[in-house]
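Notes follow once the structure below has been shown.
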Amino acid sequence: MPQSATPTVRPATRRRTCKLFGLALILLTFALALPAGASAYMSAGGGATSSAQSSGSTADLYGVAFIDATHGWAVGAEGTVLSTTDGGATWSGESPGGVEFHAVAFSDATHGWAVGKAAGVLATTDGGATWSTQSGGVGAELYGVTFVDATHGWAVGSVRSTGAEVILATTNGGATWSKQSSGSNAQLFGVTFVDATHGWAVGSAKDAATGNWTSAILATTDGGAKWSRQDANSAELFGVAFPDATHGWAVGNSGAILATADGGATWDVQSSGSDAGLQAVTFSDATHGWAVGDAGAILATTDGGATWSKQSSGSGRVLSDVAFSDATHGWAVGQGGTILATIDGGATWSRQNPASYAPRIVKLKPAFGKRVATVTISGMDFGAAQGAGAVKFGAKACTKYISWTDTQIKCKVPAKAKYGEVDVTVTNATGTSNPMSFTVKK
């Protein structure tokens, strides 16, 4: 099954004019000058080697693709590229740093492509054992990529400096990429094709009169030689899926789900029952589909979207992309190295990367205070109840807890906490969180 990868960066980030770190730009410019077949990965120190990474990665994952129930790939921040040949029981890969990958697509078990910041496109012909750089997307942020076979592919995004649309196409597996245009000047985040001629791209466009961002849906019936606008007058859209040339769905802000049964000639709103921002959508056929998004949201339908039901991810982390190889086997990836898998159509989801679920602190309020002052610790994966969990201010653990939820803990600074700057950490059965600085005042 051809795999399309929907964009995975948070909506506010997508609209922002992207800023390049100087080091990343230098490394990528050098990488593009490498001879064909050379590794596209560069270490942060400029070396040509990359570090091995197990499924214990905690880097944010933005894209996932599976071509069957066993062979899959995930990409994300810090140049992370992971792969599995056993359905996700084990994941291995690389994280060379610098480059951020937004999406990945494979046409079969050997031919794959990844897109992201600044560097354009990476490609592999050996299932991801080695990757090489394909020029064509330089100067753009690429958020979505799809291939219908080993030769025909498309990537979409926006120009870093202006935010204008970018549509790239190849008919030779990425050896060369050509620009296509719809004339809409929309920022594009997701793309899918069902064959070499019929395709759709979604994103957002700014209304000149109101200044508001609204949906943009583009369609082509000739492989992208011409693109036409299929307006839906809806929220910004970030993901799109078509299992065939007539049935399609697009998802976006505020739980928006749009559906078409006529190839996009008309789009209807479907009730998601959720106000969570939806980042990605996939359908294994015209009836079975899933959408994922903010706060760990997973929605599923078995009737083509006539009704959508919530499925439990077991976490409040953002889920950025989802892929199903059939109506039962699926995977979702997201924040902090999250990898979820299901073998029953989403009735139950299991964590394939347990190490990534160690608690994560996002904010302390206040960031300073006296002993026994109440502090609110916000974050994720603290656990629904305290159980054996603990909060430490330096070497001293809290003895008074006011409340404990999966995303927020309120406790009092230990009465014997060391004065001055200390690290606050949360520990539970899955591990210890990142430290966050707190100043204990006299």
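So the values come out like this:
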| quantity | calculated |
| --- | --- |
| Lone unmet requirement of (1) among the small types (Gly, Ala, Ser); (2) at pLDDT 95 or above; (3) under 19 Å from the mean Cα position of the chain (by Cα) for Gly153 | (3) |
| Qualifying residue in segment 353-365 (condition: touching a residue at least 24 places away in the same chain (Cβ under 8 Å), closer than 21 Å to Val292 by Cα, open to solvent by 10 Å² or more (accessible area, probe 1.4 Å) and assigned to a loop (DSSP other than H, G, I, E, B)) | no |
| Single match in Thr162, Thr176, Thr170 (criterion: open to solvent by 30 Å² or more (accessible area, probe 1.4 Å) and at pLDDT 85 or above) | Thr176 |
| Segment 415-430 residues that are over 21 Å from Lys442 (Cα atoms) and touching a residue at least 60 places away in the same chain (Cβ under 8 Å), paired with ones that are assigned to a strand (DSSP E or B) and open to solvent by less than 50 Å² (accessible area, probe 1.4 Å) (beta carbon under 6 Å, 6 or more apart) | Val426/Val391; Thr427/Ala390 |
| Search result, residues across segment 61-110 that are among the β-branched types (Val, Ile, Thr), open to solvent by 10 Å² or more (accessible area, probe 1.4 Å) and either at positive phi or part of a strand (DSSP E or B) (or both) | Val81 |
| The listed residue being under 29 Å from Ala232 (Cβ atoms) and of a type outside the set (Lys, Arg), out of Thr307, Thr342 | Thr307 |
| Hits in segment 382-433 - residues which are more than 25 Å from Gly316 (Cβ to Cβ), in a strand (DSSP E or B) and basic (Lys, Arg) | Lys396 |
| Condition check for Ala265: part of a loop (DSSP other than H, G, I, E, B), surrounded by fewer than 23 Cβ atoms within 10 Å (Cβ to Cβ) and among the small types (Gly, Ala, Ser) | yes |
| Matching residues, segment 218-235, being under 17 Å from Ala164 (Cβ atoms) and surrounded by 18 or more Cβ atoms within 10 Å (Cβ to Cβ) | Leu218, Gly224, Trp227 |
| Thr246 of a type in the set (Ser, Thr, Tyr) and open to solvent by 50 Å² or more (accessible area, probe 1.4 Å) | yes |
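The values are calculated or read from the model by the stated rules, or taken from the named source; none is laboratory data. Computed from a predicted structure; not experimentally measured. Note that each Cβ is placed from the backbone with ideal geometry, even for glycine, and that neighbours are counted across all protein chains shown. What goes into the accessible areas is simple: the full protein's heavy atoms, side chains included, and nothing from ligands, DNA or RNA. Shrake-Rupley method; radii C 1.70, N 1.55, O 1.52, S 1.80 Å.
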